[in-house]
Structures are given as structure tokens and as C-alpha cells.
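In what follows, a structure is listed as C-alpha cells, so that the remarks can point back to it.
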Amino acid sequence: MSLSAQLGKRALGVATAVLLTAGTLVGTEAFADENPYQRGPEPTADALAADAGPFAVTRAAVPAGHGFGGGTVYYPSDDSQGTFAGIAVAPGYVESQSAVAWLGPRLASHGFVVITIDTNTRFDQPESRGTQLLAALDYLTGSSAAKARVDPARLAVMGHSMGGGGALSAAAKRPGLRAAVPLAPWSTSKDWSRVRVPTLVVGAERDAIASVGAHAEPFYQSLGGEKAYLEMNEADHFVVNSATPTVGTFTVSWLKRFVDDDTRYEKFLCPAPSPSQLISEYRDTCPHS
């Protein structure tokens, strides 16, 4: 092959490599532009079941006041990825925030700013707990140590027992929320048809305090919009008070899918999981729009 032919072939190879690289970069940028809220690496089942996600977590104590009884803010230490969605979590009747404390670092390590709260009194009813959850979100976005890290347009609520009833109440009062996750919820109100916020209801098959037949199941059935019902097999009312891989996996996946609009997590929600030693029942509105 002549020298001119060799040079021409080399130039063509370089040009092709440049074009391929440019195409890859454009594709990556286009994907990022499609979902600017995506945070963290590609999710796996093992990563979701682990005790912590990919982000290191910083925490800050919150004194009583601001419309709720104080609490703790947990947020990703990484300040290079822009803002994160905010989540407020309330405990149940006579519980302190310690009952839901595991959710703070667990969710924050997956790329959320989380506030777990104490309620004004341990005897507050679900509607009051819902009001306090909204006050906690307002504090999180307006006054907290992590306010610069929170996207005020991407917020969600969670709660256990009466705190779960409070999460439903908060979602009814503030339809702009991106998600709600009531855990073994309790409420005298059974009709939540006015809630259009995407809602994951977690029930416990052997719950003797908030039986699924009187609480979680009718709550789920009445909901409008996207929804799912996860029932923990042979579990009692307090199954969500400590870290469990199943609750962690579905909670993170639901929040990622609907608060961050991260469709990478869709595969952990749809198709519905089959009953197992851990899950007695799962219902949903798959496929999600």
C-alpha cells in the first residue's frame, strides 16, 4: 500500500472514531436532558436490598418548633449533583422519630433529602400528623441546613401507623406532592379517592393494630391515580420499624420512579412480584404512565 493510501486510511479511521465519540456524548447528554433528576448508578436488586445506597450521608438535628416536634435531617454529602427530592417521615401513635429513624439514612443514601420528625405530642391524630408532615417539608425547603440541596418541586411524604394515615391526609391536602408511602397505616377515614398522588401502601398480614382488612386494603382500593399495595407475609404492625430489605427496596423504587421520574426503577415495581416467604400479596396499576 502506498504512503498516501496509508495516510488516507488512517485519517478515515480517526474521523470515524471522532464521530462515534461525539455520537456517544450526544446520546448521553440527550438522556440526561430527558431526565435531569436521575441520581446515582444503575440500580440493582442487591444494591436496593443493602443497608445503604451509593451516597454518603450527613445529618443535622432539628429543634422543636416550625409546626412539628423537631426531628433529624439526613441528606447526601455529595454537593456536585445538584438538588435532590425531599421526603418527610412521621412516626405512629405514641412513637417518637426513633420508630422510623432507619428510613432517614437509608433513603438519603439513595439520593434524597429526608426529615424524620417527632410530632407535637405522641397522641396526635392522623390529620394533625399530616399537617405536621407538610410543615416539615416547608421547613426542609425553607429553613433547614439542607435547604440548598432540596428541590421544592419534588416532595413526598411517608409515615407509620397514624403517621401513615397522616401521609394520606397530607397527600389529600397537597396534591402537588410527587408520592406518598403509608406504612401499616391507621386512620378512621377510609375513603381516600381524592388522593391522586402516586401512593404505595405497605400492609402487614398479621397486623393486630391496623388490620389490613380495616385499614391498608380499603385505603388502597379507594385511591385514585397510580398506586400499589405491598403486604408483608406473616408480619405484624411493627415490621416497618426496623430495616428490612423488602420494604427498603420497594420504598426506594417507588420514590425514585415517581419523585425523580427515574424509569430505571420501573423493573422493581412492574411486573408485580409473586407471593413469597416475604410478600403475601402485591397489587398495582402497572404499567405506569
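A few points about this structure:
- Annotation: amide H-H contacts under 5 Å for residue 159 (H modelled 1.01 Å from N, sequence separation of 5 or more, or interchain): 90, 181, 183.
- For the chain, alpha-carbon Rg over 2.2 N^0.38 Å: 1.15
- The modelled label-to-label distance between residue 267 and residue 145, using points 7 Å beyond Cα along the C-beta direction, is 3.7 nm.
- In this structure, the amide hydrogen of residue 93, modeled 1.01 Å from its nitrogen in the peptide plane, lies closer than 5 angstrom to those of 162, 163, counting only residues at least 5 positions away or on a different chain.
- In this entry, region 173-226 is assigned a mean projected area of 3.4 nm², taken as a quarter of its C-alpha convex hull surface.
- Taking the fewest neighbouring Cβ atoms within 10 Å as the starting point, the ordered list for 138, 236, 260 is 236, 138, 260.
- Ranking of 161, 96, 80 by count of other Cβ atoms within 10 Å, fewest first: 80, 96, 161
- Pairwise inverse Cα distances across region 178-289, averaged and inverted, put the Kirkwood hydrodynamic radius at 13.9 Å.
- Ordered by the number of other Cβ atoms lying within 10 Å of each residue's own Cβ, fewest first, 190, 256 fall into the sequence 190, 256.
- The chain: antiparallel DSSP beta bridges as a percent of all, rounded to 5: 40 percent
- Under 5 Å between amide hydrogens, built in the peptide plane, is the criterion, and for residue 203 it picks out 184, 230, 231, 232 among residues at least 5 positions away or on other chains.
- For region 94-238, a/c is not less than 1.5, where a ≥ b ≥ c are the root eigenvalues of the C-alpha gyration tensor, and a/b tops b/c. That puts it in the prolate class.
- In summary, the lysines within cross-link reach of residue 173, defined as a Cα separation below 25 angstrom excluding same-chain residues under 8 places away, comprise 147, 190, 227, 256.
- Partners for residue 267 among aspartates and glutamates (Cα-Cα distance below 14 Å; same-chain residues under 8 apart left out): 42, 46, 284
Quick note: the coordinates plus some simple rules give every number you see, no bench work behind them. Bear in mind that the values here come from a model prediction, so they are computed numbers and not experimental data. Using ideal geometry, Cβ is built from the backbone for each residue, glycine included, and neighbour counts are taken over all protein chains shown.
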